[in-house]
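Only the coordinates and a few stated rules stand behind these numbers; no lab work does. All figures in this text were calculated on a predicted structure; none of them were measured in a lab. Because the Cβ atoms are built from the backbone with ideal geometry, glycine has one as well, and the counts that use them run over all protein chains shown.
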Amino acid sequence: TGLPNRRFILDQVQQELAEVERHPRRAALAAFNLNAFQSINDSLGMAAGDAVLRTVARRLSALLGPGQTLARVDGDTFALLLTDLGGDLQAASTQAARSIEQLLLAVAEPLEQQGQVLHLSAGAGVVMIPNDSRDPPELLREAETAMHQAKATGDARVRFFAHALQEAASERLALRNDLR
């Protein structure tokens with residue numbers, strides 16, 4: 001895709017954590033994943049899936065503004081770091097949500113692959129920085145937890161991470177393990 005990888009975005013998050021310690025400001029880390037992407041690979045082949053990922057990456061990259069870093073972290077999962085968000089938590093959250101929603105709209109634009117018009121969508125999760133966690137992999141995991149919640153509800157919207165989401169996911173995991 002030509003995008004940076006997981007390691008790069010985690011390094012950028014680490015740098016941003018250091019910045020928010022020195023200067024009172026806010027940032028956000030979002031994770032989003034294409035819905036039903038596996039069906040593209042299954043029906044059109046992996047090469048077509050790769051072409052779709054490259055197209056999506058170009059679309060998203062074209063929308064990036066200052067203080068925004070996009071990476072492909074895994075398969076069809078992308079991460080976006082938004083820095084220099086202004087105002088209080090509410091204002092910064094609103095600004096982050098608007099930026100992420102623009103990217104989700106770009107994902108939703110139809111694209112043609114092997115003579116077929118594809119209609120993609122994505123679910124997104126976001127975690128605000130600073131918050132309780134100061135660990136970049138943990139922050140990405142929190143954003144992905146919120147992303148999975150958005151996808152589970154069928155939303156192509158932005159979901160913010162809340163510790164209740166993590167607690168519910170941990171309870172589901174414990175229940176599955178207990179059932180086994």
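Subtracting the Cα-Cα distance of Q102 and A162 from their residue separation scaled by 0.36 nm leaves 19.3 nm. Full extension of the chain between A152 and E21 yields a length gain of 43.7 nm, computed as 0.36 nm times the residue separation minus the alpha carbon distance. Under the convention that each Lys and Arg Cβ holds +1 and each Asp and Glu Cβ holds -1, the size of the dipole of the chain around its Cα centre is about 180 debye.
Among (i) 51, 48, 27; (ii) 58, 37, 25; (iii) 72, 30, 26, find the value of Cα extents along the principal axes in Å that was calculated from the structure presented, and write down its label. Answer by label: (i).
Across the chain, C-alpha contacts under 8 Å between residues 6 or more apart give a mean separation that, scaled by the residue count, equals a relative contact order of 27 percent. The charge dipole of region 41-134, taken about its Cα centre with unit charges on the Cβ of Lys, Arg, Asp and Glu (plus for the first two, minus for the last two), comes to roughly 200 debye. With the charge dipole of region 1-49 set up from +1 on Lys and Arg Cβ and -1 on Asp and Glu Cβ about the Cα centre, the Cα lying farthest toward the positive end among the listed residues L29, L44, P4 is that of L29. The relative contact order of region 27-104 comes to 39 percent, based on Cα pairs under 8 Å that sit 6 or more residues apart.
How much length would be gained if the chain were fully extended between L89 and N5, taking 0.36 nm per residue of separation minus their Cα-Cα distance, in nm to one decimal? List each step's numbers first, then the result.
Details: separation 84, 0.36 × 84 = 30.24 nm, distance 2.80 nm.
Difference between extended and current length: 27.4 nm.
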